[in-house]
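As structure tokens, the structure follows; a few thoughts come after it.
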Amino acid sequence: ANANATRPWQIYADLAQHLIAMARPLYASEPFGVDLDATVYAFDATTIDLCLSVYPWAPFRSAKAAIKLHTLLDLRGSIPSFIHITDGKTHEVNILDDLIIEPGAYYLMDRGYLDFARLHRLHATSAFFVTRAKSNTKFKRRYSQPVDRTTSNVICDQTGVLPLFYASKDYPATLRRIVVKDDAGERIIFLTNNFSLKPEMIAALYKQRWQVELFFKWIKQHLRIKTFLGTSENAVKTQIWIAVCTYVLIAIVKKRLHLPHSLYEILQILSLTMFETTPINQLLTPPSGNFDDENQPKQMSLL
């Protein structure tokens, strides 16, 4: 706790960025569930609740404190490429201003990031976004693409503009509106600035956004950042960045050693053998097998 309080958290943040730069090329050709030759990111935030009396520097509500972990996840390998930690009051959409937009990349976001001025910034940078419309989002259709409802769950594929004054001022370009029906029969409305992909592909892309939710779940459950060793802002950020470093290190080990294990299995093995002198590659590499039983020592009977 004392070390976390005194050592600058920026040291671990810089280490994490260095590890991320090592990990992402290893997963550059990794499939992620959609056959698309492009970089695809999922952007979201998760809230970690804290006690207001112990963490007064992280206000959230009148009687509760919290921090938010904003993450841009590269879906190829589920490697975080951008992480930003704020107090609980900071709205997720504001962090879009801190992103360095990559032309040609796809950004998947839920309806909490539906800010047309910021989405137009993505569009102006030649990047693509896929998000969901809110229930009160107004859309003026100009024309529709034909869809076959008998062979797909796509209800309509429309091109149009935003009719309201402020929305059209923030996003003056045309938008694509796709309505699909999920397995439960409910309508889901997507908004995107990509007009070349099939509507089924747009829906499949957005479905992959849940990988960022799995990343948050993995970090919280397996790297134990729900309980912090220190109470200062520096201590909390230090522990979070150490957890991110651990996650990326395990991802690097998995790829370099060509391991069939999941990240959780690798973490469990390492946590149980942390103080052993066995080399990591021997701990994680499965035995070659095919031993000759005649050359193996016989086990003596106890009876």
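Step by step: first the residues of the stretch 209-232, then only those that are of a type in the set (Val, Ile, Thr) and in a loop (DSSP other than H, G, I, E, B), then the one that is modelled with the lowest pLDDT. Which residue is that?
So in the stretch 209-232, the residues of a type in the set (Val, Ile, Thr) come out as 212, 219, 225, 227, 231.
In the following step, the residues that additionally are in a loop (DSSP other than H, G, I, E, B) were identified as 225, 227, 231.
Working: 225: 70, 227: 76, 231: 87.
Once the filter is applied, the top-ranked residue is 225.
Selection of the stretch 108-130 for residues being surrounded by 21 or more Cβ atoms within 10 Å (Cβ to Cβ) and within 30 Å of residue 50 (Cα to Cα) yields 108, 109, 113. Taken over the stretch 47-77, the residue count meeting the criterion of being modelled with pLDDT of 90 or more and among the hydroxyl-bearing types (Ser, Thr, Tyr) is 2. Filtering the stretch 53-71 to residues that are of a type in the set (A, V, I, L, M, F, W, C) and touching a helix residue (DSSP H, G or I) at 6+ places or on another chain (Cβ under 6 Å) leaves only 57. Is the stretch 253-269 home to any residue that is of a type in the set (Val, Ile, Thr), under 19 Å from residue 75 (Cα atoms), buried (at least 17 other Cβ atoms within 10 Å of the Cβ) and in contact with a strand residue (DSSP E or B) (Cβ under 7 Å, 6 or more places away or on another chain)? No, that holds for no residue.
Determine whether the stretch 57-77 contains at least one residue that is within 17 Å of the chain's Cα centre (by Cα) and over 24 Å from residue 20 (Cβ atoms). No: the stretch 57-77 contains no residue that is within 17 Å of the chain's Cα centre (by Cα) and over 24 Å from residue 20 (Cβ atoms). Applying the condition of being of a type in the set (Lys, Arg) and part of a strand (DSSP E or B) to the stretch 39-82 and asking which residue is surrounded by the fewest Cβ atoms within 10 Å (Cβ to Cβ) yields 61. Taking the stretch 83-101 as the range and being surrounded by fewer than 18 Cβ atoms within 10 Å (Cβ to Cβ), under 21 Å from residue 24 (Cα atoms) and either touching a Gly at 6+ places or on another chain (Cβ under 9 Å) or of a type in the set (A, V, I, L, M) (or both) as the test, the residues that pass are 83, 100, 101. Of all residues in the stretch 8-24, those being under 12 Å from residue 242 (Cα atoms) and in contact with a Ser or Thr (Cβ under 7 Å, 6 or more places away or on another chain) number 2.
Residue 36 meets the conditions (1) in a strand (DSSP E or B); (2) surrounded by 15 or more Cβ atoms within 10 Å (Cβ to Cβ) in every case but one. The failed one is (1). Cβ-Cβ distances below 9 Å connect the following pairs, each with a first residue in the stretch 4-29 that is closer than 11 Å to residue 255 by Cα and in contact (Cβ under 8 Å) with a residue 40 or more places away in the chain, a second residue that is in a helix (DSSP H, G or I) and small (Gly, Ala, Ser), and a separation of six or more residues or different chains: 23/251; 26/251; 27/251. Residues that are farther than 27 Å from residue 74 by Cα and over 27 Å from the mean Cα position of the chain (by Cα): which strands (runs of 3 or more DSSP E) entirely in the stretch 101-208 hold 1 or more of them? So the answer is 140-145, 154-161.
When 42, 63, 23 are screened for being aliphatic (A, V, I, L, M) and out of contact with any strand residue (DSSP E or B) (no Cβ under 9 Å at 6 or more places or on another chain), only 63 passes.
For the stretch 149-189, a residue qualifies if it is exposed (fewer than 15 other Cβ atoms within 10 Å of the Cβ) and under 11 Å from residue 199 (Cα atoms), and exactly one does: 152.
The values are calculated or read from the model by the stated rules, or taken from the named source; none is laboratory data. If you're wondering where the values come from, they're calculated on a predicted model, not measured in any experiment. Neighbour counts are summed over all protein chains in view; Cβ atoms, including those assigned to glycine, are modelled from backbone coordinates with ideal geometry.
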